[in-house]
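Taken together, the values in this text are just the output of simple stated rules run on the coordinates, not laboratory data. Worth saying up front: this structure is predicted, and the values here are computed from it rather than measured. In this analysis, Cβ positions are derived from the backbone assuming ideal geometry, glycine residues included, and neighbour counts consider all displayed protein chains.
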Amino acid sequence: MSFEDYRGVWVFIEEKEGQIAPVSLELLGAGRRLADKRGDELAGILIGDQITALADTVFEYGADTVYTYDSPIFKHYRTETFMKALLACTEKYKPEIILYGATSTGKDLASAVATDLPTGLTADTTILDVEEDTGLLLASRPAFGGNIMATILCKKYRPQMATVRPKVMKALSPEPGRRGKLIEESIPLKEEEVRTKVLEIVRDTVKQVRIDEADIIVAGGKGLGSPSGFQLIHQLADVLGAAVGGSRDVVEAGWIEHHHQVGQTGVTVTPKIYFAIGISGAIQHIVGMQNSGLIIAINKDPNAAIFQACHHGIVGDAFEIVPMLIEQFNHA
Ligand code: FAD
């Protein structure tokens, strides 16, 4: 493998129902910075059905080039089809770096591509930079329960790849009318050759704010006592227009689904405000929310570990305090 052939910083642009995922815009901002430091180009790769028009947005957020794979076969995300498109594009244009959002789609696709190429992949990155003299990607991520930052370099393989946590990087302000090179690609793939079929999309019946994109999260733990006690969390979240989060113990108890779980084996979140209510503050929970802007904890145990990790703490019974907050915010 000759590394000289590899050039450019690429961002996989995640799209759903005609909308670009916020993390992809954030990554274009980060990618622009890396490309400028390397004296390199920034490209976006868009895969989907009727997505070519979205290329304009990708240019406006900083890309010099956009590669598109626009076909009904890409209507729904499937590992197999997206991976084939990305591999074909990678083989043809040889990017030096590819960034993906650390979303369920981004993580799935990046690991499939890394395995097939094969190359290295740094997962769940929170800091991106390039090494001064070599231009190598420096991808840093919390390790050992958030106690150290590990910086990972991929020296032996290309492209260098990383998934990056949502809401950590900053998107650039869009420049309306900014345009670049649009390269429309295709692969000869027939529906009957694809092993996975999307039979039905089942949507959440309740309209809920996603926790990885929310500005405010109200998270509850075992201290709420029961599924009906946990309803208090939903009520406070409703009043604040917030997303609902939970500890692993409430997920395991079946009070809320797994995609609401915050922490080491759940989602990492960075909202502006995080309420931790009836949550003890185990390290596995803390690593998932410690970078929130403002952390407010409510716990009846004054020695609960959560009070070491919060900005404001209220010692008291959630069943007394949360109804008061709901009342106050309702009148605010
Ligand atoms: P508890 O620890 O039972 O805490 C309940 C708290 O509520 C207590 O502090 C109590 O004082 C308080 N309380 C009780 N009644 C009231 C009341 N009326 N009002 C106010 N406060 C009250 N956990 C996660 O959350 N996310 C993860 O991703 C995760 N991953 C893990 C991975 C591994 C490998 C392991 C080993 C564990 C993981 N855990 C995770 C579990 C974690 O260690 C804790 O067990 C869990 O976070 C505790 O959940 P909790 O705070 O809801 O419950």
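For the chain, modelled as a GNM whose springs connect Cα atoms under 10 angstrom apart, the maximal fluctuation among VAL250, VAL168, VAL198 occurs at VAL198.
From zero outward in steps of 5 Å, how is the percent of C-alpha pairs of region 1-42 spread across the bins? In whole percents, the pair-distance histogram is 6, 23, 22, 19, 14, 10, 5, 2. For the chain, adding -39500 (n - 2.57) for each run of n ≥ 4 DSSP H residues and dividing by the number of residues yields -8500 deg cm²/dmol at 222 nm. Springs between Cα atoms under 10 Å define the GNM used for the chain, and in it the highest mean-square fluctuation of GLY180, GLY101, GLY254 occurs at GLY254.
Considering every alpha-carbon pair of region 136-272, the percent of pairs per 5 Å bin, from zero through the bin containing the longest distance, is 2, 7, 11, 13, 13, 13, 13, 14, 8, 4, 2, 0. A Förster distance of 22 Å, applied to the separation of the beta-carbon atoms of LEU199 and HIS234, puts the FRET efficiency at 0.10. For the chain, excluding the exposed loop sites themselves (trypsin sites (Lys or Arg not before Pro), DSSP loop, at most 11 other Cβ atoms within 10 Å), the longest remaining stretch covers 1-154.
Among the listed pairs LYS156/LYS190; LYS92/LYS156; LYS75/LYS156; LYS155/LYS181; LYS197/LYS272; LYS16/LYS92, give every one whose C-alpha distance is greater than 28 Å. Check vs 28 Å cut-off fails for LYS156/LYS190; LYS75/LYS156; LYS155/LYS181; LYS197/LYS272. Take the Kirkwood radius over Cα pairs of region 274-332, plug it into Stokes-Einstein at 37 °C and 0.692 mPa s, and you get 279 µm²/s for translational diffusion. Stretching LYS300 away from LEU182 to a fully extended chain increases their span by 36.7 nm, per 0.36 nm per residue minus the current alpha-carbon distance.
For region 220-319, the percent of C-alpha pairs falling in each 10 Å distance bin, counted from 0 to the bin holding the largest distance, reads 18, 55, 27, 0.
When Rg and Dmax are taken over the Cα atoms of region 68-145, they come to 14.1, 44 Å.
Relative to the longest principal axis of the Cα atoms of the chain, helix 104-116 runs at roughly 40 degrees. Extension gain, ALA150 to GLU4, is 49.8 nm, computed as 0.36 nm per intervening residue step minus the present C-alpha separation.
Cross-link candidates for LYS167: which aspartates and glutamates have Cα within less than 16 Å, leaving aside residues fewer than 8 places away along the same chain? Within reach: GLU14, GLU26, ASP124, ASP212, GLU213, ASP215. Once the GluC sites (Glu not before Pro) in DSSP loops with at most 14 neighbouring Cβ atoms within 10 Å are cut out of the chain, the longest remaining piece is 18-130.
Of the chymotrypsin sites (Phe, Trp or Tyr not before Pro) found in region 41-128, no site is in coil according to DSSP while having at most 11 other Cβ atoms within 10 Å of its Cβ. Treating each Cα of region 1-155 as an identical point scatterer and summing with the Debye formula, the log10 of I(q)/I(0) at q = 0.15, 0.17 Å⁻¹ comes to -0.77, -1.00.
The Kirkwood radius of region 105-200, taken over pairs of alpha-carbon atoms, gives through the Stokes-Einstein law at 25 °C and 0.890 mPa s a diffusion coefficient of 147 µm² s⁻¹.
Evaluate the Kirkwood expression for the hydrodynamic radius of the chain, namely the inverse of the mean inverse distance over all pairs of different C-alpha atoms, and round to one decimal in Å.
Here the Kirkwood hydrodynamic radius works out to 21.3 Å.
A straight chain from HIS259 to LYS16 at 0.36 nm per residue would run longer than the Cα-Cα distance by 85.7 nm.
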